[in-house]
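Step one of this worksheet: look at the structure below.
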Amino acid sequence: MDEPTLSVVLWGAAVLFLGWTWLPALISGLGGTRYANGGTEDPTSLEPGPAESDYAFWHRQLTALGYEPLGPAWMRITFHGPAWRYETRVRAFYSRAKHTFAFVQKQPRPMDVWWLAMFATSWQDGDLLLTSNAVDEAPAAGEYVVQGMESTNLTAVEELHLGQKSRMEAAGKRPDRDGSLATLLKATDQHAGRTARHLGAKLGQQYLATHGAIHLFLSVPVAYIVGVGHWAVPMVNLVLGGILAMSDYMARRQAATLMRIQLDQAPRKEPHA
């Protein structure tokens, strides 16, 4: 194979390889992110399996707090930064005494771990209050209130949620007492779509800016020395793209390992209902 042919082949491979993440990043960066969800009310399917020690950790806490299984669900974001699709499995619960939902999400591969736990209150006017265990976040005023605290202790996270819920009730809000999975999914779909588009645009733009700068910085010297049409230029981009993709994959795997270790080391004291 002569050098011009090799260059064309490698440029084609580079475009296909890099385009797999750059194209969705471009679409999301331009506001093309879309959110969807769905599920079925089947409480029997929410029991932890023998290989689900991570989910069992959350299940024990939620049932001890008085939450009853509702059913499995899914939440999907299309064009989520460099990912074509970001889909999480969900298992939802509800407390009739507190008129509050709770759900646990399993992060997609390569993380593949049940980690994010959230409490949710759907209001009669369609507004939504969410409290997560992932990050420390103060509530902001509006129809879609999101707050949180970084903790594996769902008793503390629930207290944060119920405290904000009480303050909103004192201000005139009334919780939706339907308690069905459809109510939770409808409220989430109504509000999460806008948030997903905003986050997707930010992730897409950041990805293109950082990866574009890295590829440009390392490609220019090679192109200057051997010429833009030389096969070494696309080869550099292929190798660089592979290194960046592998680094991202390993970082996610490492994050999942740390999550599992944190769950294994967390206190096993059961909360009081």
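Just a few scattered comments:
- Residue satisfying condition, being assigned to a loop (DSSP other than H, G, I, E, B) and at pLDDT 95 or above, within set Gly66, Gly19: Gly66
- Conditions (1) touching a strand residue (DSSP E or B) at 6+ places or on another chain (Cβ under 8 Å); (2) outside any strand (DSSP E or B): number failed by Phe93: (2)
- Members of segment 44-63 that are aliphatic (A, V, I, L, M) and either assigned to a loop (DSSP other than H, G, I, E, B) or free of Cβ contacts under 8 Å to residues at least 12 places away in the same chain (or both): Ala51, Ala56
- Unique match (being of a type outside the set (Gly, Ala, Ser), outside any helix (DSSP H, G or I) and surrounded by 12 or more Cβ atoms within 10 Å (Cβ to Cβ)) among Asp248, Asp178: Asp178
Quick grid of which residues meet (1) at pLDDT 95 or above; (2) touching a strand residue (DSSP E or B) at 6+ places or on another chain (Cβ under 9 Å); (3) under 27 Å from Pro110 (Cβ atoms); (4) in a helix (DSSP H, G or I):
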site	(1), (2), (3), (4)
Glu159	yes, no, no, yes
His191	no, yes, no, yes
Leu208	yes, no, yes, yes
Val228	no, no, no, no
Gly242	yes, no, yes, yes
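- Some residue of segment 70-85 being on the phi > 0 side of the Ramachandran plot, buried (at least 20 other Cβ atoms within 10 Å of the Cβ), under 20 Å from the mean Cα position of the chain (by Cα) and not in a strand (DSSP E or B): yes
- Single match in Leu238, Leu218, Leu199, Leu203 (criterion: of a type in the set (A, V, I, L, M), assigned to a helix (DSSP H, G or I), in contact with a helix residue (DSSP H, G or I) (Cβ under 7 Å, 6 or more places away or on another chain) and under 26 Å from Ile77 (Cβ atoms)): Leu203
- Scanning segment 102-127 for residues that are of a type outside the set (D, E, K, R), out of contact with any Ser or Thr (no Cβ under 6 Å at 6 or more places or on another chain) and farther than 21 Å from His80 by Cα returns Ala102, Phe103, Ala120, Trp123, Gln124, Gly126.
- Which numbered condition Leu6 misses (of (1) in contact with a helix residue (DSSP H, G or I) (Cβ under 6 Å, 6 or more places away or on another chain); (2) over 27 Å from Arg253 (Cα atoms); (3) surrounded by fewer than 18 Cβ atoms within 10 Å (Cβ to Cβ)): (1)
- Check on Arg197, exposed (fewer than 14 other Cβ atoms within 10 Å of the Cβ), in contact with a Lys or Arg (Cβ under 9 Å, 6 or more places away or on another chain) and not aromatic (Phe, Trp, Tyr): no
- Filtered residues of segment 91-122 (kept if more than 14 Å from the chain's Cα centre (by Cα), surrounded by fewer than 20 Cβ atoms within 10 Å (Cβ to Cβ) and touching a residue at least 60 places away in the same chain (Cβ under 8 Å)): Arg96, Lys98, His99
- Failed criterion for Gly142 (all others in (1) touching a residue at least 24 places away in the same chain (Cβ under 8 Å); (2) at positive phi; (3) surrounded by fewer than 22 Cβ atoms within 10 Å (Cβ to Cβ) hold): (1)
The values are calculated or read from the model by the stated rules, or taken from the named source; none is laboratory data. Model, not experiment: these values are computed from the prediction. Virtual Cβ from ideal backbone geometry, glycine too; neighbours counted across all protein chains shown.
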